[in-house]
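Quick note: the coordinates plus some simple rules give every number you see, no bench work behind them. Note that the structure is predicted; figures quoted are calculated from it, not measured. Cβ placement follows ideal geometry from the backbone for every residue including glycine, while neighbour counts extend to all protein chains displayed.
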Amino acid sequence: MTLPRLRRLSQTLFLALFLVLLCQTEFRGSFQPGEIEFRLPYPVRAFLETDPLVAIANALATRALYRGLLWSLAILIPTLILGRFFCGWICPLGTLNHLVGNIRSDKKSGRQRITSNRYKPWQTFKYYVLFAMLLAAFLGSALVGILDPIALAVRSLALSILPSWNYALNALLEPSHGHSGLRIALLSFKQAHFRQGFLLGVIFLVILALNLRITRLWCRALCPLGALLGLASRWSILGLEKHPAHCDDCNRCLLHCQGGDDPIPGVPWRKAECHLCMNCVADCPESGIQFRFFPPAPSRSTIEGADLRRRKVLAGLAAGAATLPLLRANTGLSAEPHERLIRPPAALDEEQFLARCIRCGECMKVCPNNALHPALIEAGWEGIWTPVLVPRIGYCEPGCSLCGQVCPTGAVWGFTSKEKAWAGVPSGPGTDMQPIRLGTAFYDRGRCLPWAMAADCIVCEEWCPTSPKAVYLRPAEVTDATGSTRQVRQPYIDPEHCVGCGACEFACPVRDRPAVYVTSAGESRSKTNQILLRRANQAVSWFPENGDAPGWTKAGETRLFEAVDLWKYVDGDAERYLRAGVRRTLTSNYRYGDAVEAVADIHLMEAPRGATSIFESEPSAGSRPVALGDAGRSYGQSLTFRRGPFFVRLVAYQDAPQTERALVSLAQAIERRLAR
């Protein structure tokens, strides 16, 4: 089998795998109270987790690397050896561009095709885009997700192309009820509709249509991942060897060149632009070019790296530095939150969310109720296409934790339905469990049927899923239009139990503008966007209560130390925490049966980079890694881990055989609490 055929096979298999995983990013079934936690059976975020650009941007923005993104080394390390093999052999968007680029076009035929496949100076533009995006990531914004090819492909296909395909195919198969097996195989379980789906689809189709003019124009000029891999390919040991003596100047090697890297003899070969499609070698009738490991020392026949200009590199960095202030100028993070900016459950606070979210659309695709949609201006222009809950279209399912399962960057933390604590789990005041709140529901009494029209309606109360219900009814005597007095039950919202799921707004029979609506006020992820003073001033219970961690019981009250008073607790070491940006420290004692006593310290930092700084300053000698938070270490009699802006330390006073295992169990319980 020739190398081009092997490459086509690879492209076909990886594109098929990509589409299968994307189609499996959904829930087929129904949630029933008391059922075992549903977990997606397939690694649906595999392509995003192996994306080196996503990994580097995530590390720059958060000063840490979210679990799973280490798989990106599976692409980055071979690139250092082979070059941009990912672009030519694996990338699903690259494969689609390749397919469309092979379509015959009057704008790209004969001599025009050869000319279009020569190297062009504008191909360096993608490198400046890369530098701008990486600097924006360093400054705390994951704008790179807008142009990252994997995120772009997932977003476009999941939110526009696949729903359109599903709708069209359903219309064709609807008359023939006998093809139920075909319908199950080809159709989604539920027809989804997404805001901005048309816009996303048009952008995607334009990217593909550009290939009719210049082959893989997106890959050559705009793709930041291709630019990153091009820079990494500088050190690859696989290169193109040219034999000018065998060349008859037929230029056939340019006919099907995908990267525009000038494989022809007489001009330098651009290693950073080559996609390793191998078409040039296959098309050459005289065997005048060949790929080989450790080719002869580079001379003028090869340009190892990207052809960059220092002034333009600085311009790209300046663009990245200027983009963020421009985007935040009028709708920045310091502005009042948009009332309809309702994020998915377990989303981080807005600053950290925008630093991590790459707008891939995985959470929107997997949402069983079609409740999550790409934002337009709710989060400002910086937050475009990030997920927001639209309760009028769909509500957040009480027993669902799928969005946390599919998020590849930690913008939405992994959580369970028990931690969500919406239905079947006692939560709220007087209990140890605090639910994850998305916001709070409010009534427009001028539109509510019992309030405005003296009509019976209890739909919102029936749909409310919390336990106890956040919607409660009070009988009231009202006068109708005829002057008669009648009794109706008028609904109220209990903000102590409302979690902002949106079920009431979704079900409200007042269709045009609902009489009950949800806003982000009261969301768990924000300490300032609160409507209850008690909740705004109350520290989240980060420490497990009795029964949360098997065998552990809490001993005494939790103590709180603000940053200015930290010296009272860690005298002599407080300066290290203050330099890292500690906001407050909480400490509590625990007892494991009669064998072990331990103290748990939780340090809340200003940003995740502070927790990373403290964690990395701890000695690693004599420790072993443990799967806790973003990173963890066990020293046997003590344990440390970090998660987002939290740094946690557990120290046992006794060195018993079960000490290490017991500390890990307590740490896992603390981590579950921090997720809320």
(message) Taking the number of other C-beta atoms within 10 Å as the exposure measure, put SER417, SER541, SER484 in order starting with the fewest.
(response) SER484, SER541, SER417
(request) Along each of the three principal axes of the Cα atoms of region 580-675, give the extent in whole Å, ordering the values from largest to smallest. (result) 37, 27, 19
(request) Relative to the longest principal axis of the C-alpha atoms of the chain, give the angle of the C-alpha long axis of helix 162-173, reported between 0 and 90° and rounded to the nearest 10°. (result) 90 degrees
(message) Expected output is a single nm value to one decimal: the length gained when fully extending between GLU462 and ARG609, i.e. 0.36 nm times separation in residues minus the C-alpha distance. What is it?
(response) 48.4 nm
(message) Over all directions, how big on average is the projection of the convex hull of the alpha-carbon atoms in region 334-538, in square nanometres?
(response) 11.9 nm²
(request) Taking the Cβ of each residue in VAL412, VAL154 as the centre, tally the other Cβ atoms inside 10 Å and list the residues starting with the fewest. (result) VAL412, VAL154
(message) Using only the alpha-carbon atoms, how far is helix 125-138 inclined from the longest principal axis of the chain? Give it as 0 to 90 degrees, nearest 10.
(response) 30 degrees
(request) State the extension gain, in nm to one decimal, for the chain segment bounded by ALA315 and VAL206, taking 0.36 nm per residue of separation less the distance between their alpha-carbons. (result) 36.5 nm
(request) Would you list which aspartates and glutamates come within 17 Å of LYS271, measuring only between C-alpha atoms, while excluding same-chain residues fewer than 8 positions from it? (result) GLU241, ASP261, ASP262, GLU304, ASP307
(request) Mind scanning LYS126/LYS190; LYS527/LYS554; LYS126/LYS420; LYS108/LYS365; LYS469/LYS527 and naming the pairs with a C-alpha gap bigger than 31 Å? (result) LYS126/LYS190; LYS126/LYS420; LYS108/LYS365
(request) Tell me which label goes with the value of semi-axes √(5λ) of the Cα gyration tensor in Å computed from the coordinates here: (i) 49, 35, 22; (ii) 43, 33, 25; (iii) 47, 33, 29. (result) (i)
(request) Rounded to the nearest 10 degrees, what's the angle between the helix 608-617 long axis and the longest principal axis of the chain, both from Cα atoms, 0 to 90? (result) 80 degrees
(message) Once you keep just the Cα pairs under 8 angstrom separated by 6 or more residues, what percentage relative contact order results for the chain?
(response) 12 percent
(message) Going Cα to Cα from LYS418, which aspartates and glutamates come in below 20 Å? Please leave out same-chain ones fewer than 8 positions away.
(response) GLU35, GLU37, GLU397, ASP432, GLU496, GLU523, GLU545, ASP548, GLU671
(request) Write down the percent of antiparallel bridges among all DSSP beta bridges whose residues are both part of the chain, to the nearest 5. (result) 95 percent
